[in-house]
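Reading through the structure tokens given below for one structure.
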Amino acid sequence: MLTTQYSPWLILLCLLVGAGYAALQYSAKTPWSKQLNYGLATLRFVVVSFLCYLLLAPYIKTTTTRTEQPTVVLAVDNSQSVELFTPKAVLSQAISGLAGLAETLRAKGFTVETRTLSSRPNRPARLDSLRFGVPTTDLDRALTDTRDAYDGRNLASVVLLSDGLVNQGRSPVYSDYNFPIYSVAVGDTVPKRDLRLTGLTYNRVAFSGNKFPLEAELGFEGYAGGTATVELREGTRVLDRARVALPTGRRRAKATFQVTAPAPGKRRYEVRVVPQPGEFTPLNNARTAFIEIVKGKLRVLLAGAAPHPDLKALRAAILANDNFDLTLALPGVAPLKAGADFDVAILHQLPAQGGLGNDILAQVKARRTPAFYIIGAQSDLPAYNQLGAGLTIQARGAQPDDVTPLPNPGFARFATDEEAARRYGQYPPAPVPFGDLRLGPGAEAALWQQVGRVATQKPLLVFGGSAERRQATLLTDGSWQWRLSEAVAHDDRPEVYDRLIIRTLQLLTQNANKKRLDVYPTQERFGTQDDVTLGAETYNAVFERLYNQKIDLTLTDEKKQTRRFNFANPEDGSPLRLGPLPAGLYRYQARATLGGQAQQDAGELLVQSQPLEALESRADHNLLAQLSRRSGARLYYPTQFDKLAQDILQANYKPVITAEEDVKDLINLKWIFFVILAFLTVEWAVRKYSGSL
């Protein structure tokens, strides 16, 4: 339809303009014939009239009507289990039935297309080329892909041919589909005699020296009333063995092992059910657990020269963290047991004047225990200066300075956020020795002193010592006021003070409780068809998470062949993808540089050639019936294709008629320009040839 947004009467005006222009141009006497003159005038009339008509903004409006017949998708579960456990005659009957159903529906005007588990998006399969070789079954994904592929189309229903066995993805009965699903059940519903491990529950991390549980869940068919032997192995060594009763009337049983965690490191344990005579397959009898063994809780010695409010504040800060065990020692009140061993010591005003507490100090020095010194009025400063803690204190007079903590922005071993800095500024002043304070080689100040509103670069909290024995010093015995004031101001939550103490202890013990680089498999085992993935965690010196750190990984298989990967751990937690790997035990070694220090981690991952489709032989027709019932359809068997075709036809699925309107401005059509140009060219050429311009 050709129309314009202006009054149609204006077309007459366009014609009049064209006629007037042609009459004016060709009314005079010409050197050519009258017939040719009329022809040229007509050309000029057409061109000028049409150009005037274009000023009216004409447009073409087209309406296209389409009729889409209802589509029925034949979704075929072409996994290995269908061919393995469906009698050949039944499977052949089912395929023939699908072909007959397709012919019947096409004859009634339906569009019929075939999809399988391995179908590519928007590429239907063919019934005459079906191969049942897919190693896993994910019905939910197959149906979801079908829904997405036919989005916006007239999808009437889906006919699903399957045995109902799902071993990947979620169960389709928990998903919603916007089409009826007519299920056709194949497979074998007769259970096979089998023992299998259906689950293995454990914690990925255990403390060295502690006992941790491994709980295995057994599934069984055909062995009810008997017993099964379950073994716990590490490599070729059997650590424990359990006899598990298989109760009549049940299909599940459990076996629990208590394992004593050995030295820190990554350990691989295998739980295995000993095969029994007549068992269907032993391939599902074992599962593997990878466990990280870490050192136990950090043992902290809190020792003081005398009772002091600081000790209570420090004790409360440490006990707020479950990763620490605390022992308190005071000369004459709570003496330190001889031979006691600790991971870190807090020495409050030790060494003290008069030699008080020297026995505690001697034990700490003899064991080269990392030490956190807190300087106070009773501290023996000359004795302290001999400890090599990275700080030398030369006092001048007995009058102390009153200071508040000020973060050193150049200290990178742990971060101080804006909220912590703000709270530091609200702390009450605490006394520090007045005098000359000198940092030794390699020592760093985490906190400076702020005197009133004057920021100084005098150290308040210093980290020093050596790599063999780390040491730190806090130059005030008034920090208890900081914790108290923060608790009052923030609803009994002195988080910043507690975090400062805990970070100080963590920095002194660095790798004593946790690695700064942790690379681990994301699954306890992988199949040969799986995308093998590794997770990675990186930490700074006080074990705060770091991201986007470059990590080099070397993967070695059982034949000593190596592969190398480079990746970074992003903030979204996405893992390193190694792709599918051949079956076997792989060892990996990861390296990274964190805060200028080289870190490494190592471990194992297991890839098993485990034919998932052969592990469960009993078809799950109940799942198919439930899936069809939820979608408003029902379950059929290969002998009921005639009934299935009848039900689909009786559902009276209708074609969908759609109309599309398209509007195009006439002036935007390029061919019109060339037609006008051709008319003008012909007119000019004829006039030129006939002796006139």
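Assuming R0 = 41 Å, can you tell me the calculated FRET efficiency for the pair residue 151 and residue 62, based on Cβ-Cβ distance, to the nearest 0.05?
0.95
In straight Cα distance, which aspartates and glutamates are under 14 Å from residue 211, not counting same-chain residues fewer than 8 positions off?
240, 292
For the stretch 392-534, which whole-number percentage of the solvent-accessible area (1.4 Å probe, protein heavy atoms only) is attributable to carbon and sulfur atoms?
Values: 3210 of 6530 Å².
Here carbon and sulfur together make up 49 percent of the probe-accessible area.
Roughly to the nearest percent, how much of the accessible area of the stretch 550-647 is carbon and sulfur, given a 1.4 Å probe?
44
In terms of Cα to Cα distance under 25 Å, which lysines are near enough to residue 654, apart from those fewer than 8 places away along the same chain?
108, 643
Residue 107 to residue 127: extension gain in nm, 0.36 nm per residue of separation minus the Cα-Cα distance?
The span from residue 107 to residue 127 would gain 5.5 nm if fully extended.
Counting only C-alpha contacts under 8 Å and six or more residues apart, can you give the relative contact order of the stretch 432-500 as a whole percent?
Working: 76 pairs, mean separation 14.8, N = 69.
21 percent.
Once R0 is set to 51 Å, what does the formula 1/(1 + (r/R0)^6) return for the Cβ-Cβ distance between residue 529 and residue 659, expressed as a FRET efficiency to the nearest 0.05?
My answer for the efficiency is 0.60.
Roughly how far apart, in whole Å, are the Cα centres of the stretch 418-435 and the stretch 345-398?
Distance between centres, Cα-based: 23 Å.
Could you tell me the distance between the Cα centroids of the stretch 161-198 and the stretch 444-487, to the nearest Å?
Between the Cα centre of the stretch 161-198 and that of the stretch 444-487, the gap is 65 Å.
Under unit Cβ charges (Lys, Arg +1; Asp, Glu -1), what dipole magnitude, rounded to 20 debye, does the chain have relative to its Cα centre?
That gives a dipole near 1160 debye.
Describe numerically, in nm with one decimal, the distance between label points set 7 Å from Cα along Cα→Cβ at residue 646 and at residue 178.
For the pair residue 646/residue 178, the computed spacing is 3.2 nm.
With n ≥ 4 as the cut-off for DSSP H runs, can you work out [θ] at 222 nm for the chain, using -39500 (n - 2.57) per run divided by the number of residues, rounded to the nearest 500?
Only helices count here, giving -8000 deg cm²/dmol.
Mind checking the full-extension length gain between residue 686 and residue 337? Use 0.36 nm per residue of separation minus the Cα-Cα distance, one decimal, nm. Each step should come with its number before you reach the end.
Working: separation 349, 0.36 × 349 = 125.64 nm, distance 12.31 nm.
This chain segment gains 113.3 nm when fully extended.
Can you give the relative contact order of the chain as a percent, counting alpha carbon pairs under 8 Å and 6+ residues apart?
15
Is there a pair in 312/365; 515/560; 664/688 whose C-alpha atoms are over 32 Å apart, and which pairs would that be?
664/688
At 1.4 Å probe size, with every protein chain present, just tell me what the per residue accessible area of the chain comes to in Å².
Solvent-accessible surface per residue comes out at 51 Å².
Relative to the Cα centre, what is the charge dipole magnitude of the stretch 555-634, using +1 at the beta carbon of each Lys and Arg, -1 at the beta carbon of each Asp and Glu, and rounding to the nearest 20 debye?
That gives the stretch 555-634 a dipole magnitude of about 220 debye.
Extension gain residue 260-residue 668, at 0.36 nm per residue separation less the Cα-Cα distance, in nm?
Contour length minus Cα-Cα distance gives 138.6 nm.
Under a no-solvent Debye model with one identical scatterer per Cα of the chain, what's log10 I(q)/I(0) at q = 0.09 Å⁻¹?
With no solvent term, the Cα-only Debye profile gives -0.93.
Give the distance, in whole Å, between the Cα centre of the stretch 580-608 and the Cα centre of the stretch 217-268.
29
Select from the chain the helices, each a whole stretch of DSSP H, whose alpha-carbon atoms run 18 Å or more along the helix axis and whose Kyte-Doolittle mean is at least 0.0; answer none if there are none.
9-26, 34-54, 88-107, 495-509, 670-689
Roughly what % of DSSP beta bridges within the chain run antiparallel, to the nearest 5? Mind dumping the intermediate values first?
On the way: 110 of 155 bridges.
Restricted to the chain, the bridges split so that about 70 percent are antiparallel.
Using the alpha carbon gyration tensor of the stretch 5-73, what are the three equivalent-ellipsoid semi-axes (square root of 5 times each eigenvalue), largest first, in whole Å?
Semi-axes (√(5λ), whole Å): 44, 17, 7.
Leaving out same-chain residues fewer than 8 places away, which aspartates and glutamates sit with a Cα under 15 Å from that of residue 559?
604
Using just the Cα positions, wrap the stretch 467-597 in a convex hull and report its mean projected area in square nanometres, one decimal place.
Values: hull surface 46.9 nm².
If I average the Cα hull's projected area over directions, I get 11.7 nm².
The values are calculated or read from the model by the stated rules, or taken from the named source; none is laboratory data. Bear in mind that the values here come from a model prediction, so they are computed numbers and not experimental data. Cβ sites come from the backbone with ideal geometry, for glycine too, and all protein chains shown count toward neighbours. Each accessible area value is taken on the protein alone, full model and side chains, heavy atoms only, with ligands, DNA and RNA left out. Shrake-Rupley method; radii C 1.70, N 1.55, O 1.52, S 1.80 Å.
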